[in-house]
1. How big is the antiparallel share of DSSP beta bridges in the chain, given as a percent to the nearest 5?
2. List the residues of region 26-57 whose backbone N lies under 19 Å from a point placed 7 Å from the Cα of residue 244 along the Cα-to-Cβ direction.
3. At q = 0.24, 0.27 Å⁻¹, what is the log10 ratio I(q)/I(0) for region 1-58, with the Debye formula run over Cα points and no solvent?
4. Would you mind telling me the antiparallel percentage of the DSSP bridges in region 25-139, rounded to 5?
5. Using mean Cβ contacts within 10 Å as the protection proxy, how do 246-259, 29-42 order, highest first?
6. Determine, from the Cβ-Cβ distance of residue 13 and residue 195 and an R0 of 41 Å, the FRET efficiency 1/(1 + (r/R0)^6), rounded to the nearest 0.05.
7. Modelling each spin label as a point 7 Å along the Cα-to-Cβ direction, I'd like the residue 170/residue 71 distance in nm, to one decimal.
8. At a temperature of 25 °C and a viscosity of 0.890 mPa s, determine how fast region 40-181 diffuses translationally according to Stokes-Einstein, using the Kirkwood radius over alpha-carbon pairs as Rh; express D in µm²/s, rounded to the nearest whole number.
C-alpha cells in the first residue's frame with residue numbers, strides 16, 4: 001500500500017500531498033516512522049529513504065534531488081528555485097518555482113504547512129507558517145514573489161495543511177499583546193481560558209494564516225482541520241512532545257507540491 005496523505009479539495013489538478021508520520025522506515029520512537037526532518041537525531045539514511053518514499057508516492061520521479069526543502073528559520077525570507085539541481089537547503093521559510101521538474105516541500109510539527117498554486121500561469125509555492133513567520137508577513141512576501149515570476153493574484157489558490165488546533169495552542173499575555181498591538185481585530189483569533197482569563201489564551205493559528213491571505217486578495221482557500229497535537233498516531237507535534245517528554249526532539253512531517 002502507498003503512503004497515507006491528505007489532499008486539498010481545491011487543488012484537484014495539481015500533484016501535492018500533506019503527508020503524515022505513517023508509512024516510513026524510521027524506527028527510533030521519537031521519529032517513527034515517516035520522519036522527513038534532516039536536522040533531527042534520527043538516522044539520516046532513514047530520513048532520506050522516507051523522503052524518497054514520498055517522491056515515489058507523488059510522482060514517477062526517483063531522484064531525491066528533485067525534492068527541494070528549506071532550513072526553516074521562523075522568518076519571512078523566500079527563495080525562488082529555478083533549476084533542478086542538488087538542493088542547497090536555503091535559510092528561508094518559503095520556496096517558489098515555475099519549473100515543472102521540481103518538487104517543493106515544507107517540514108512541520110505543529111506550524112502550518114501552506115501550499116500555493118497558480119495552475120493557469122504555472123507557479124507554485126510551499127510555505128512554513130509558524131506564528132512568527134505569519135505575523136512577520138511570510139504570506140505577503142511569498143505572494144509578491146510568485147507574482148514577480150508570472151503568477152496572478154486572482155488565479156492563486158491556497159491550501160493550509162494539518163497544524164496545531166486552537167484548543168491545544170495555549171499562549172501567554174506577551175504573545176497576546178504582540179498580536180493585539182498589531183491590530184485590535186486580531187482578538188478574534190484568541191479564546192479565553194476560563195480559569196486563566198486575562199493571563200493565557202488559546203490561539204487560532206490556522207485562522208490567522210487564512211486572514212493574512214484574505215487581506216492580500218486570495219479568495220480560493222481550503223483548510224484541513226486535522227489537529228497535529230491531538231493525533232499522536234498520525235502526526236508529529238513539537239508541543240505535544242515537549243509536554244509529554246520534556247523535549248521537542250521529534251520527527252517532522254512533509255507537505256509537498258509540484259506542477
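Each value in this text was obtained by applying a stated rule to the coordinates, not by laboratory testing. Fair warning: this is a prediction, and the values are worked out from it, not measured in the lab. Methodologically, a virtual Cβ is constructed for each residue, glycine included, from the backbone with ideal geometry; neighbour enumeration extends over all protein chains shown.
1. Antiparallel: roughly 80 percent of the beta bridges in the chain.
2. Residues 26-37, 40-43 fall inside that zone.
3. -0.90, -1.06
4. In region 25-139, approximately 75 percent of DSSP beta bridges are antiparallel ones.
5. Taking the mean over residues of other Cβ atoms within 10 Å, the ranking is 246-259, 29-42.
6. 0.25
7. Inter-label distance under the simple model: 3.5 nm.
8. In µm²/s, the coefficient is 152.
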